[in-house]
Each structure stands twice: as C-alpha cells, then as structure tokens.
1. Compare 60, 154, 51 in a GNM of the chain, Cα atoms joined below 10 Å, and give the one with the largest fluctuation.
2. Sum up the charges of everything whose Cβ sits under 14 Å from the Cβ of residue 213, counting Lys and Arg as +1 and Asp and Glu as -1, but leave residue 213 out.
3. For region 1-137, take every pair of Cα atoms, bin their distances at 10 Å starting from 0, and report each bin as a whole percent.
4. Return the ratio Rg/(2.2 N^0.38 Å) for region 21-97, where Rg is computed over Cα atoms only.
5. Starting from the Cα of residue 246, step 7 Å along the direction of its Cβ; do the same at residue 106; then give the gap between the two resulting points in nm.
6. For region 46-272, what does the accessible surface come to per residue with a 1.4 Å probe? Please give it in Å².
7. Could you order 76, 35 so the one with the most accessible surface comes first? Probe is 1.4 Å.
8. Can you give the FRET efficiency for residue 84 and residue 253, using 1/(1 + (r/R0)^6), R0 = 30 Å, r = Cβ-Cβ distance, to the nearest 0.05?
Amino acid sequence: MDSGEVRRRIASSPLARVAALPSRVGAVSRHNAAVASQSARWLVSRREHTNYTYDLTPLNLEHLAWWAASVAAAPVQECRSWIAEILKDRALQEYAYRISVSTGRRGLTDEKVRIARRAGWYAVVRALQPEHVVETGTDKGLGSLVIAAALLRNDKGHLTTMDINPDSGFLISGKYADVTRIERGDSVALISQLAEPVDLFIHDSDHSAAHEAAEFRAVASHLAASALVLSDNSHITGELPAWAESTGRTFTFFREVPEDHWYPGAGIGAAWYPRG
Ligand SMILES: C[S@@+](CC[C@H](N)C(=O)[O-])C[C@H]1O[C@@H](n2cnc3c(N)ncnc32)[C@H](O)[C@@H]1O
C-alpha cells in the first residue's frame with residue numbers, strides 16, 4: 001500500500017480526527033491567541049463598555065462601497081469616494097475628539113473617532129440625498145454625527161434622532177445640531193408622532209426582536225415611496241428581512257470585519273422597493 005493509499009484509508013476511518021488533532025489544535029489555538037492578545041490590548045488601551053467602535057479592514061471597506069452602491073443604486077466609484085470623504089474628515093475627527101475628552105462620560109468614551117459601518121450610512125445619505133433621515137438610538141451621537149456631516153455636504157435634508165436616554169447625543173452641537181433634531185423618549189411612540197415623510201430610516205435602538213419589529217410597523221405609514229430602511233440589528237435578528245418580504249421589498253446585508261479588535265463586528269441590513 002503506498003502512502004497516498006494509507007492517507008486515504010485513515011481519512012475515511014474513525015482515526016481521522018485523532019490524526020488531524022495536532023493541526024486542528026494548532027489552528028484553533030492561533031485564532032484564540034490572536035483574539036486573546038487583541039482583547040488584552042483593548043482592555044488596557046480603550047475605555048468603551050458598550051457600542052464599541054473600531055476601524056474596518058481595507059477589504060471590508062471595499063465591500064461596504066459595493067453594498068452602498070447596490071442599495072442606493074449609485075456608481076461604486078462614487079461610494080468609494082464618499083467613504084474616503086468621511087474617513088478623512090479631519091474637521092469632524094477634531095471636533096469629536098474635543099468633545100470626547102471633555103464630556104462627563106469621558107471615562108467611558110474613546111477619544112479617537114472610529115465610525116466603521118457608519119461610513120456606509122454616510123455613503124447612502126450622500127447618494128440618496130434624502131430630505132428626512134430618522135435614526136432610532138442616538139447614544140453618544142456618533143451615527144448622528146456621520147449622518148449630519150453627510151447632510152451638510154449635501155446641503156439639504158435633516159435628521160431626527162431618538163433615544164430613551166436623556167444624556168444621549170452629546171456629540172451633536174454646532175453646525176451638526178443645525179441639521180439634527182434630538183428627540184427623547186421611546187422610539188416606537190416617537191415614530192408614530194412623525195409629521196414629515198421619512199426617506200431613510202435606521203433602526204439602532206432597543207435591539208430586541210420585538211422592539212425592532214414594532215419600529216418597522218410604526219414607521220411603515222411614514223415612509224416615502226422610495227424610502228430605504230436600514231437595521232443595525234440584522235446580524236442578530238431576522239426582523240428586517242421578514243418585514244421586507246411581507247411588504248414586497250428586497251433585502252440585503254453587509255457584515256463588518258473589524259480591524260485589530262476582539263468584537264466580531266455588527267452589520268447593516270437594508271430593505272427597499274427595487275428602483276425601476
Ligand atoms: C446601539 S446604541 C445607538 C448607537 C448609535 N446609533 C450610534 O451610531 O452609535 C442604542 C441606543 O438605543 C437607546 N434605546 C434603547 N431602548 C430605546 C427605546 N425604546 N427607544 C429609544 N431609544 C432606545 C439606548 O439608550 C442606546 O443609546
């Protein structure tokens with residue numbers, strides 16, 4: 001029996017997993033050691049305890065540009081340049097840094113702004129030129145800041161952002177506040193009081209499936225015909241694809257790949273009526 005035949009026999013026998021154990025242990029150990037080392041670095045160098053921020057890998061940013069191009073029906077070259085525009089926005093970086101080091105929550109806030117998937121929100125706002133964007137879940141205001149920056153570059157449109165936490169939104173002031181209305185309370189109740197049509201809706205509040213679904217039900221009658229609906233929870237629940245299917249919309253999903261961070265990343269679900 002030649003060595004090839006011996007390998008084939010072992011591979012088809014119960015001994016196969018034992019024979020492969022050293023390489024299996026090696027692969028999983030290398031992976032876990034890399035995550036443990038990222039985790040240790042993060043614990044000593046960063047401050048956040050929730051809503052983690054990080055950069056995305058260059059390849060993942062390229063995927064984000066293609067995702068934005070698809071959901072906004074825009075040329076991918078433009079989506080790439082909008083993503084670069086927000087990532088290189090020094091004025092926004094310096095503005096957010098100044099607030100982050102002076103806020104009452106500075107002990108739990110990272111100083112450097114890392115917007116990750118929100119660069120995709122930015123590209124979509126630049127592409128669609130919406131009049132009215134609604135974001136549920138403001139938190140510090142990082143997503144709101146990115147959306148407001150896009151609206152300011154568009155020179156049109158405004159943002160309504162909602163959060164149940166009265167201390168939310170501390171990143172929004174100055175020119176960013178000029179295009180942003182912060183509303184405090186439960187998002188489902190606030191959505192039902194919206195007076196203007198919504199061109200872009202972003203769910204990013206209470207991430208329970210029931211609350212996410214309640215937001216989609218509440219916003220449905222407020223959506224413009226061409227509205228795009230995004231969910232920051234589509235890596236956890238199937239609520240947006242289920243709602244998309246039940247309303248005749250299409251659905252797609254972008255998954256983050258964080259660079260040098262233990263967190264495995266979130267994602268963006270998108271639902272819209274295909275544009276003819
Ligand atoms: C993941 S954070 C939002 C992150 C933010 N959009 C960003 O881009 O960084 C979720 C926020 O939802 C808020 N929230 C939780 N339940 C809510 C509710 N029922 N209505 C409105 N906001 C809620 C929390 O207070 C928290 O600030």
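1. Largest GNM mean-square fluctuation: 51.
2. Net of charged neighbours comes to -4.
3. 10, 24, 24, 17, 12, 10, 3, 0
4. Scaled against compact globular proteins, the figure is 1.56.
5. The answer from the label model is 4.7 nm.
6. Averaged over the residues of region 46-272, the accessible area is 40 Å².
7. If we order 76, 35 from most to least accessible, we get 35, 76.
8. Between residue 84 and residue 253 the formula returns 0.85.
The values are calculated or read from the model by the stated rules, or taken from the named source; none is laboratory data. A quick note: this is a predicted structure, and the numbers were derived from the prediction, not measured. With ideal geometry, Cβ positions are generated from the backbone for all residues, glycine too; neighbour counts draw on all protein chains shown. Heads up: the accessible areas ignore ligands, DNA and RNA and are worked out on the full protein's heavy atoms, side chains in. Shrake-Rupley method; radii C 1.70, N 1.55, O 1.52, S 1.80 Å.
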